[in-house]
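To start, the structure itself, in structure tokens.
The numbers here are math on the coordinates, done by the rules we state, and not lab data. Source: prediction; values computed, not measured. Cβ placement follows ideal geometry from the backbone for every residue including glycine, while neighbour counts extend to all protein chains displayed.
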Amino acid sequence: MTSNGHGRMDTEALRDEIRRTRVELGETMEALAAKADVKARLKESAGQARQRMREQAASTVAR
């Protein structure tokens with residue numbers, strides 16, 4: 001560390017930056033994991049397609 005009296009402040013600033021970086025890294029990893037989960041993404045897309053088809057069918061019947 002430094003002998004100019006700023007060593008403690010610099011250390012705390014570094015620790016805060018490390019904490020923030022860890023949080024950001026965790027969020028990034030979660031986002032990447034969600035994108036990599038092809039099975040879950042396909043299941044979600046299929047569910048959305050089913051819902052759209054139901055809405056279209058209900059609209060057609062209502063006409």
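Some observations on this one:
- The distance between label points at ALA31 and VAL61 comes to 4.1 nm (points 7 Å beyond Cα on the Cα→Cβ vector).
- Net charge, GLN48 excluded, C-beta distance under 14 Å - Lys, Arg +1, Asp, Glu -1: +3
- Helix axis angle, 38-62 relative to the chain longest principal axis, alpha carbon, degrees: 40 degrees
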